[in-house]
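Right, one structure below, let's go through it.
The values are calculated or read from the model by the stated rules, or taken from the named source; none is laboratory data. The structure displayed is predicted, hence computed values, not measured ones. Reconstructed Cβ throughout: ideal geometry from the backbone, glycine too, with neighbour counts over all protein chains shown. Note: accessible area is taken over every heavy atom of the protein model, side chains too, but ligands, DNA and RNA are not part of it. Shrake-Rupley method; radii C 1.70, N 1.55, O 1.52, S 1.80 Å.
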Amino acid sequence: MNILLLGSGGREHALAWAISRSPRLNSLHIAPGNPGMADCGTLVSLDVNDHEAVAEYCRSNKIDLVVVGPEAPLVAGIADDLQAKGIKVFGPSKAAAQLEGSKHFTKQLCDEMNVPTAKYGRFSDLDSAIDYVRAEGAPIVVKADGLAAGKGVIVAQSLKEAEDALYAIFDGAFGAAGASVVIEECLVGEEASLFAISDGENIQLLPSAQDHKRAYDGDKGPNTGGMGAYSPAPVMTDEMIERARKEIIEPSIKGMAARGTPFKGVLFAGLMITREGPSLIEYNVRFGDPECQVLMSLLKSDILDLMEASVDGTLDQHSPEWHEGTALTVVMASKGYPGSYDKGTPINAIENAEADGVKVFHAGTGLKGDQLVATGGRVLNVTAMADDAKDARDKAYAAIEKVDWDNGFYRKDIAWRAIERKSS
Ligand code: AMP
Ligand code: GLY
């Protein structure tokens with residue numbers, strides 16, 4: 001098969017790596033990609049916002065399947081536009097991508113299908129929003145309704161914090177994403193990520209994972225895109241996985257199909273495991289980053305078989321196989337992230353870290369001449385596999401020591417919950 005993969009982060013490097021292992025692969029084209037992905041395929045420069053140009057590239061390169069990494073092109077309708085021209089796309093339609101594109105859309109689906117989720121109100125004016133938070137009290141969660149690059153959520157511990165968040169959002173802090181707000185009850189529990197590949201009707205669950213959203217050790221500091229992940233996550237016992245499937249994922253897939261907007265692609269459920277069981281925090285319509293890096297490490301089956309079955313509606317015939325043990329990834333980020341940071345700082349000796357079965361996925365990297373440099377906030381994902389979380393963690397941290405990058409930092413406690421759970 002000839003594949004075009006869209007995206008340039010650690011998630012896409014992991015996808016490119018998994019795709020490049022497929023015996024069915026003829027050629028892999030990656031737009032725009034990053035220097036780490038050059039080993040997996042050909043990097044091409046294409047404007048993903050120009051759907052006509054992407055379609056033209058597919059035609060002239062006989063692309064059999066387009067794989068979309070990030071959510072923005074999906075929410076913008078790239079799957080619809082390419083499919084209208086007869087090009088197969090792994091990823092949801094614009095209508096189905098609303099599961100990530102609008103928090104209110106997801107809340108309505110939850111109401112309709114009885115999916116457990118935090119109690120909420122939605123407001124498009126400041127005064128009613130303020131009245132609601134005053135009536136409900138703190139802690140309370142304030143969210144910009146639209147896509148805000150993962151930054152539109154404020155978990156307010158006090159009423160003042162909630163009101164300040166509302167003032168900021170209605171003042172335009174998140175642009176159009178904040179034209180309305182969703183205000184939610186604050187759920188208490190342990191978070192987990194659960195992924196399902198769907199063909200619109202059937203689903204295949206992937207192993208559970210856990211991300212680490214805060215920037216610093218001990219889950220302190222500002223929220224980030226994710227500082228490390230591991231899979232499977234012990235908080236997702238077999239019973240919890242079954243409940244999440246039955247109470248959350250299956251009714252959502254059914255509800256989307258019943259509305260005439262079936263969901264095809266990867267559905268990523270951000271869950272809170274509360275005392276009552278799993279509750280949906282949010283849906284994303286793509287793989288998680290960095291969760292994808294550990295899932296692709298564990299995947300034994302051919303990723304292209306699964307992606308094609310999602311497009312063709314034959315997922316009931318494909319149940320993916322997984323390696324035993326735990327995969328764990330540690331994100332190396334530029335000092336200062338998620339705030340401002342220096343760009344263009346040199347990185348060396350990645351090849352030393354990659355010995356002994358460790359894989360380093362690139363995210364925000366670039367080339368200055370021949371020199372590899374950091375170009376983004378999250379820059380490298382040092383990924384290891386072992387029999388359990390502790391050994392995987394030791395292996396990843398031993399490898400990180402070998403990377404030569406003065407301007408990098410990383411959390412030193414990835415998988416602390418899994419390791420603590422085991423030792424208690
Ligand atoms: P989101 O961007 O929706 O993933 O939210 C970012 C983070 O905010 C989540 O990973 C949770 O840690 C937290 N969060 C979101 N909604 C809630 C909620 N209703 N209760 C508690 N925490 C939440
Ligand atoms: N790691 C969380 C996300 O991809 O949204």
**Prompt:** Is it true that some residue in the stretch 151-171 is under 30 Å from K88 (Cα atoms), in contact with a strand residue (DSSP E or B) (Cβ under 8 Å, 6 or more places away or on another chain), within 16 Å of ligand 1 (Cβ to nearest atom) and of a type outside the set (V, I, T)?
**Reply:** no
**Fill in**
Only one of A162, A144, A135, A118 is loosely packed, with under 14 Cβ neighbours inside 10 Å and either more than 12 Å from A179 (Cα to Cα) or within 16 Å of ligand 2 (Cβ to nearest atom) (or both), namely A135
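So which residues in the stretch 147-159 are more than 16 Å from ligand 2 (Cβ to nearest atom) and aliphatic (A, V, I, L, M)?
Restricting attention to the stretch 147-159, the residues satisfying the condition of being more than 16 Å from ligand 2 (Cβ to nearest atom) are 154, 156-159.
If the condition is that a residue be more than 16 Å from ligand 2 (Cβ to nearest atom) and aliphatic (A, V, I, L, M), then I154, A156, L159 are the ones that fit.
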**Residues (more than 22 Å from G91 (Cα to Cα), touching a strand residue (DSSP E or B) at 6+ places or on another chain (Cβ under 8 Å) and among the charged types (D, E, K, R)) located in the stretch 223-268** = R243, E247
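Considering only residues that are farther than 28 Å from F268 by Cβ and modelled with pLDDT under 85, which ones fall in the stretch 157-177?
If the condition is that a residue be farther than 28 Å from F268 by Cβ and modelled with pLDDT under 85, then G172 is the only one that fits.
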**Asked** Using beta carbons and a limit of 9 Å, which pairs, at least six apart or on different chains, have the first residue in the stretch 330-355 and over 23 Å from G225 (Cα atoms) and the second one part of a loop (DSSP other than H, G, I, E, B) and not charged (D, E, K, R)?
**Response** N348/V403; N348/W405; A349/V403; A349/W405; N352/V403; A353/V403
**Asked** With respect to the numbered conditions (1) outside any strand (DSSP E or B); (2) among the aliphatic types (A, V, I, L, M); (3) open to solvent by less than 10 Å² (accessible area, probe 1.4 Å), which one is the sole condition not fulfilled by A327?
**Response** (1)
**Fill in**
Per the filter on the stretch 223-256, residues open to solvent by 60 Å² or more (accessible area, probe 1.4 Å) and assigned to a strand (DSSP E or B) are N223
**Request:** Just name the residue that is least open to solvent (accessible area, probe 1.4 Å) out of those in the stretch 33-51 that are under 15 Å from L6 (Cβ atoms) and outside any loop (DSSP other than H, G, I, E, B).
**Result:** M37
**Item:** Residue list for the stretch 178-213, filter: open to solvent by 30 Å² or more (accessible area, probe 1.4 Å), in contact with a Ser or Thr (Cβ under 7 Å, 6 or more places away or on another chain) and within 16 Å of ligand 2 (Cβ to nearest atom)
**Value:** K213
**Message:** Suppose we filter L43, L4, L25 for residues that are farther than 21 Å from G288 by Cβ and over 23 Å from the mean Cα position of the chain (by Cα); which single one remains?
**Reply:** L25
**Failed condition for I30, given (1) outside any loop (DSSP other than H, G, I, E, B); (2) out of contact with any strand residue (DSSP E or B) (no Cβ under 6 Å at 6 or more places or on another chain)** = (2)
**Message:** Yes or no: the stretch 308-323 includes at least one residue that is farther than 23 Å from G225 by Cα, touching a residue at least 60 places away in the same chain (Cβ under 8 Å) and assigned to a strand (DSSP E or B).
**Reply:** yes
**Message:** Looking only at the stretch 265-278, count every residue that is open to solvent by less than 10 Å² (accessible area, probe 1.4 Å) and either more than 14 Å from ligand 2 (Cβ to nearest atom) or in a loop (DSSP other than H, G, I, E, B) (or both) and tell me the total.
**Reply:** 3
**Asked** Out of all the residues in the stretch 280-292, is one or more open to solvent by 10 Å² or more (accessible area, probe 1.4 Å), within 16 Å of ligand 1 (Cβ to nearest atom) and assigned to a strand (DSSP E or B)?
**Response** yes
**Prompt:** In the stretch 139-156, how many are in a loop (DSSP other than H, G, I, E, B) and at pLDDT below 95?
**Reply:** 8
